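Below is one structure, written out as structure tokens; the observations come after it.
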Amino acid sequence: MSKIKTVGIAGTGLIGAGWAARLLIRGFDVIAYDVQPAADAKLRAAIDVAWPSMSKLLGTPGKKGKLTFTTDLKEMASRADFIHEAAPEREELKVKLFRDIDAITRPDVIISSSSSGFLPTVLQSQCAQHPERVIIGHPFNPVYLLPLVETVPGTNTSPGAMDRAGVYFESIGMHVLRLKREIEGYICDRLQEALWREALHILNKDIGTTGDIDDSIIYSAGMRWAFMGSFLTYHVAGGPGGMRHFISQFDPTLELPWTDLPFPKWNDTLQNRLIDGCETQSAGQTVAEIEAKRNDVLVDMMRLFKHHKVGAGLVLAREETKQGKKAKRWKESDKIDGPVKLHKGEVLSAWLDYNGHMTDAAYLIAFGDGLDAFFRYIGDDEAYRASGNTFFTAETHINYYREMKVGEAFWIETQVLGCDEKRIHLFHRMYHGKTKELAATNEIMQLHVNQEVKKVAPMSEELYTALKAIGKAHKNLKRPKEMGSVMQVKRRK
């Protein structure tokens, strides 16, 4: 098999355009075929939509592939080193298309169907030349982001073609799920179809609304499914004994009125496949270890969802707002005899670099949380920001003194170095929660801005009163040695 440089795409709708975008950003040339000349402009527009999100994920490509469009099937099929069929989901259309492509392409060119459920044996049935190179390569929308591809062999598909397709798909950033044999709908679509049908049963019985049904997934099982799937989730639910104990604890015959779908008859073979599969999945990890990893991922997911204001992140944001209202606020009677200690935290798994330590960006996040705590203390909360007033960072510097690892606790204290009606000059120190060693420091200058006029403006009298009181109490504190330091490499004489 020659090296794959040019990839052909037959059909330029949603899926075909997704394949094209995924390939182009990775430097592959693409020749796209469609019977409609107007499809060229639509294809390029779809790629333009996909490009920003791919760039966020992968960065700017070093070499972008070249896109060519044609309405001549022979031109596409004769030039391609690998072909994705992405025509409309009509079986008779696909069978004829595979027949025609098979008659044109080189013998070593794999022809992969993006079908969502058709059997590859049917699709290769009229390929008179080389039916052994016809496979299913079923992706998921958006193809340019989601990494799963289900590869499915037909009766006449060769193991070699499946092997070569797997290597190719991995080279374009995909996770290959290789089915042992063909079945309508493959794996994922069958699971999605089962959930869809059960959801319709619930809706038909007027048990809940479409929103209720979606929320039941969004706020619970869907989060676990995103990285554990069904079987590993239940394996963990079985406790130290895993799936073996889960089966003994819960009725394995599924004789429960919890679904309107039929179920397979329980038997020893099924039970052994289930237990053995879960134990293989766990790869030597104890249930406790899997559970700990699950919890770390869920925490990171909820924080990410909060940033995007979706799903369980909305619940977390609501909880944090509630906690923020209970946070310590400055009072005139407060006795301040040193830096104010307002924020405690713990190093999250999402903050780690390749060496298992906090990344530079994570220190900024941690100091940002400390800054937020200080702002709340002086009165800058959600209500204040809703009024159109807020603070922006004008300058910041960080010094690192100690490595911080996942799970380690820390606290941040804040010292006011200076302030006026429009500016705050602060200095934060991060300390290790157990050893009390200094881990890092952060010097920061904040400007008060009125967002309605988009200009620096005086802060409220309430905030400034609190700030001045703290600044006065900190006036006689020792100035940090790191304050205003200048980085330089002295020239050698």
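None of the figures in this text is laboratory data; all of them are computed from the coordinates on show. Computed from a prediction, not measured in an experiment: that's the story for all the values here. Ideal geometry is used to build each Cβ from the backbone, glycine not excepted, and the neighbour counts take in all protein chains shown.
Charges at C-beta only: +1 for Lys and Arg, -1 for Asp and Glu. How large is the resulting dipole of the chain about its Cα centre, in Debye rounded to 20?
In total the dipole reaches around 2420 debye.
Rounded if a/c is under 1.5, else prolate if a/b beats b/c, else oblate: with a ≥ b ≥ c from the C-alpha gyration tensor eigenvalues square-rooted, which is the stretch 20-75?
It comes out oblate by the Cα gyration axes.
Quick check on the stretch 190-292: take the gyration tensor over C-alpha atoms, sort the square-rooted eigenvalues as a ≥ b ≥ c, and tell me if it's rounded (a/c under 1.5), prolate or oblate.
Oblate, because a/c is 1.5 or more while a/b does not exceed b/c.
Helix 360-378 sits at what angle to the longest principal axis of the chain, using alpha carbons and giving 0 to 90 degrees rounded to 10?
So the inclination is approximately 50 degrees.
Which residue, N450, G356, Y384, has the largest displacement toward the positive end of the dipole of the stretch 328-474 when charges sit on each Cβ (Lys, Arg +1; Asp, Glu -1)?
The one lying farthest along the dipole's positive direction is Y384.
About its Cα centre, how strong a charge dipole does the stretch 48-157 have in debye, to the nearest 20, once Lys and Arg get +1 and Asp and Glu get -1 at the Cβ?
For the stretch 48-157, the charge dipole is close to 380 debye.
Can you sort S220, S125 so the residue with the fewest Cβ neighbours within 10 Å comes first?
With the sparsest Cβ surroundings first, the list reads S220, S125.
Relative to the longest principal axis of the C-alpha atoms of the chain, give the angle of the C-alpha long axis of helix 287-308, reported between 0 and 90° and rounded to the nearest 10°.
70
If the viscosity is 1.306 mPa s and the temperature 10 °C, what translational diffusion coefficient in µm²/s does Stokes-Einstein give for the stretch 29-151 when Rh comes from Kirkwood over Cα pairs?
Using the Kirkwood radius from Cα pairs, D works out to 102 µm²/s.
Which of Y33, Y234 comes first, and how do the rest follow, when ranked by fewest Cβ neighbours within 10 Å?
In increasing order of surrounding Cβ atoms, one gets Y234, Y33.
Hey, what did the stretch 190-292 get for relative contact order, percent, Cα under 8 Å, at least 6 apart? Could you put the intermediate results ahead of the total?
Working: 59 pairs, mean separation 27.8, N = 103.
So the answer I get is 27 percent.
In whole Å, what three semi-axes, largest first, describe the equivalent ellipsoid of the stretch 328-474 built from its Cα gyration tensor (square root of 5 times each eigenvalue)? It would help to have the intermediate numbers written out before the result.
Details: eigenvalues 155, 62, 33 Å².
They are 28, 18, 13 Å, listed largest first.
Rounded to the nearest 20 Debye, what is the dipole magnitude of the stretch 1-97 about its Cα centre when Lys and Arg each give +1 and Asp and Glu each give -1 at the C-beta?
Details: 15 positive and 11 negative charges, 97 e Å.
For this selection, approximately 460 debye.
Let me have the relative contact order for the stretch 107-251, percent, based on Cα pairs under 8 Å that are six or more residues apart.
17
Find the relative contact order for the chain and round it to a whole percent, using C-alpha pairs within less than 8 Å whose residues are 6+ positions apart. Write out the running numbers ahead of the final one.
Numbers: 781 pairs, mean separation 39.6, N = 493.
The normalised contact order for the chain reaches 8 percent.
Test of understanding: ordering E150, E75 by Cβ neighbours within 10 Å, fewest first, what list do you get? Walk me through the numbers before you get to the answer.
Numbers: E150 20, E75 15.
So the residues, fewest neighbours to most, are E75, E150.
Please state, as a whole number in µm²/s, the translational diffusion coefficient that the Stokes-Einstein equation yields for the chain at 4 °C and 1.567 mPa s, with Rh defined as the Kirkwood radius across alpha carbon pairs.
Stokes-Einstein gives a translational diffusion coefficient of 47 µm²/s.
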